[in-house]
Every structure is written in structure tokens, then in C-alpha cells.
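Before any comments, here is the structure.
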Amino acid sequence: MMDTDQAYQAYAPIYDRTGQERFGVYLADLTLTWLRARGIAPRRALDLACGTGGATLAFAAAGIETVGLDRSPAMLRIARDRSRAAGLTATFVEADMRSLENARSALSGCFVLVTCFGDSLNHLTDDDDLRRVFAGVRRVLEPDGHVVFDVNTESAFAQWDKRDLVIHESDDCLVYHRLLYSPAARLGQGRIVWFTRSNDSRWRRGEETHVERAWSDADIRQALAMSGLALVERLAVDGTRVADDVQLPERLVYIATTERL
């Protein structure tokens with residue numbers, strides 16, 4: 001199994017080539033719509049696990065001073081290239097979101113908005129990881145700041161049933177996932193395999209294996225509370241509010257604040 005520190009290294013150009021950053025752009029737009037409906041206009045945002053910069057650049061395009069943070073140098077290289085190509089100003093920092101205190105000097109102050117999209121929190125598998133991330137977020141948030149993030153719920157992982165799932169197919173690129181899930185351990189294993197055709201018409205194969213954890217709603221609520229963050233609302237990906245007494249959708253968006261509600 002791959003060292004998690006090496007995840008998204010070889011896969012970074014494939015991630016970008018197949019347009020997987022688009023979901024981050026969508027969630028950034030969803031976040032801004034939610035905030036604007038409440039009269040909130042964030043001046044400064046931090047996008048954790050920013051990948052190739054989809055959400056980061058969406059915030060920058062909206063006129064927000066934005067910092068994208070990721071521990072993958074390969075993903076950040078692409079994000080910086082995309083920023084330059086788009087003529088957008090954003091700062092990108094290589095760091096682990098579980099140790100934000102080590103990046104405080106690079107972050108240069110506090111933020112009105114902190115985001116973490118693309119089920120990145122599911123990639124944290126140790127019991128204390130969520131609390132470490134949220135505690136770091138609490139320290140860099142302004143007093144009235146908000147944190148917005150999404151997770152794959154246990155309902156999503158229940159669909160990981162050994163099938164090979166093709167997520168992209170074109171004349172020069174094929175990507176498929178084989179997904180396995182252990183309900184007892186609440187751990188999922190995603191084996192990502194890709195084939196790309198180069199200019200000499202030869203096909204080349206790559207592979208990475210990622211491990212994800214099915215954090216429960218109770219896990220997330222507890223980690224938020226322990227870190228001094230208050231849950232405001234849970235949304236489905238279509239933006240509708242998810243009540244406490246309904247079965248959770250496969251993906252859930254959480255919105256929390258530093259304010260005591």
C-alpha cells in the first residue's frame with residue numbers, strides 16, 4: 001500500500017487532465033452562494049487540500065484573497081501553472097493541514113473562510129486527525145469566520161463493493177477505480193489505475209492506492225466541538241439543508257463557525 005505522503009504525486013497530472021478539480025469549483029460556488037445569502041462577503045480564504053487549485057482559483061476569481069494549501073508538490077505545481085494561465089493571483093503553500101501551526105508564517109494572518117473540499121478529510125485515517133485539523137482551523141479563523149468542508153458518508157462507502165468503476169475514458173486516457181470497503185474498520189481502499197497514450201502512440205500505465213476513512217456524523221460533530229467550532233448547517237451537494245432526523249446522503253457538506261450559537 002502506498003505511503004499516504006506519496007498519494008497524488010504520480011496521479012496529479014491525471015487528476016488535472018480528467019477535470020477532477022471541477023467538483024471543487026462547484027463547492028466553492030455553493031459556499032459563496034450560501035454566504036452571500038446571509039450577507040457575508042469573505043475578504044480572505046484558506047483552501048485546505050487544494051489539489052490543482054479548482055476551488056482556490058474560484059475564490060480568487062471572486063475577488064477574495066486566497067491561499068491554497070496542499071502537501072503534494074506535484075498538485076501545487078499544476079495549481080500554480082493554472083493560476084498563471086488564468087491571470088489570477090493566489091498564494092500556494094506546501095504543508096500538511098494536520099499541522100497548520102507549522103505553516104503559520106507562510107499563511108500570514110487569519111482568515112474569514114476556511115474550506116476543505118473533494119472528500120479530503122476522508123483521507124485522514126487516524127483517530128485524532130480530525131481534531132488536529134479542526135484545532136488548527138480554529139486558530140487561523142477570525143472570530144466570526146466560517147469553515148466549510150465535505151465528506152463521503154458511510155452511505156457512500158457502502159457502495160464500495162469490489163467493482164471496477166471507469167471514471168474517465170477518452171482516445172488517449174483511461175482511468176478506473178477499484179473500491180473496497182471494510183465496515184468493521186470503517187476504512188475504504190481505492191486502487192486508481194490509469195493508462196495514457198503519449199505522442200509516440202504508446203500506452204503507459206500508472207497506479208496509486210488511496211485509503212479513506214468513513215467518519216461518522218458523530219465523529220465530525222465531536223471533533224468540531226472539541227476544537228471550539230460550532231456546527232451551523234449540513235447541506236446536500238445540491239445545496240438543500242439536511243435535517244438531523246433523515247438518512248444522510250452519500251456526500252455531505254458541513255458549515256461551522258467560531259461563533260458560539
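The values are calculated or read from the model by the stated rules, or taken from the named source; none is laboratory data. All values derive from a computational prediction rather than experimental measurement. So basically every Cβ, Gly included, is an ideal-geometry build from the backbone, and we count neighbours across all protein chains shown.
Among the candidates R104, R98, R80, the residue that is touching a strand residue (DSSP E or B) at 6+ places or on another chain (Cβ under 6 Å), touching a residue at least 12 places away in the same chain (Cβ under 8 Å), among the charged types (D, E, K, R) and in a helix (DSSP H, G or I) is uniquely R80.
Where strands (runs of 3 or more DSSP E) sit wholly within segment 177-261, those with at least 2 residues that are touching a residue at least 40 places away in the same chain (Cβ under 8 Å) and more than 21 Å from the chain's Cα centre (by Cα) occupy 187-197. Quick check: anything in segment 153-161 among the aliphatic types (A, V, I, L, M), surrounded by fewer than 21 Cβ atoms within 10 Å (Cβ to Cβ) and outside any helix (DSSP H, G or I)? Within segment 153-161 (the criterion being among the aliphatic types (A, V, I, L, M), surrounded by fewer than 21 Cβ atoms within 10 Å (Cβ to Cβ) and outside any helix (DSSP H, G or I)), the answer is yes, since at least one residue qualifies. Scanning segment 185-202 for residues that are surrounded by fewer than 16 Cβ atoms within 10 Å (Cβ to Cβ) and farther than 20 Å from Y11 by Cβ returns A185, N199, D200, S201.
Of all residues in segment 129-152, those that are within 23 Å of R241 (Cβ to Cβ) and crowded, with 19+ Cβ neighbours inside 10 Å total 12. Restricting segment 220-249 to residues that are closer than 20 Å to L124 by Cα and of a type in the set (S, T, N, Q), the residue that is surrounded by the fewest Cβ atoms within 10 Å (Cβ to Cβ) is Q222. Can you name every residue in segment 48-77 that is closer than 14 Å to S108 by Cα and either free of Cβ contacts under 8 Å to residues at least 40 places away in the same chain or within 13 Å of the chain's Cα centre (by Cα) (or both)? Those that are closer than 14 Å to S108 by Cα and either free of Cβ contacts under 8 Å to residues at least 40 places away in the same chain or within 13 Å of the chain's Cα centre (by Cα) (or both): E65, T66, G68, L69.
The residues in segment 83-95 that are under 16 Å from the mean Cα position of the chain (by Cα) and part of a strand (DSSP E or B) can be counted, and the count is 3.
Only residues that are crowded, with 16+ Cβ neighbours inside 10 Å and either more than 29 Å from V175 (Cβ to Cβ) or touching a Pro at 6+ places or on another chain (Cβ under 7 Å) (or both) were counted across segment 205-219, and they come to 2. Annotation note: Cβ proximity below 8 Å between a residue of segment 9-33 that is within 14 Å of H168 (Cα to Cα) and a residue that is among the aromatic types (F, W, Y) and part of a helix (DSSP H, G or I) (sequence gap 6+ or interchain) occurs for E21/Y15. Taking F92, is it under 19 Å from G239 (Cβ atoms) and at pLDDT 95 or above? For F92, the condition - under 19 Å from G239 (Cβ atoms) and at pLDDT 95 or above - is not met.
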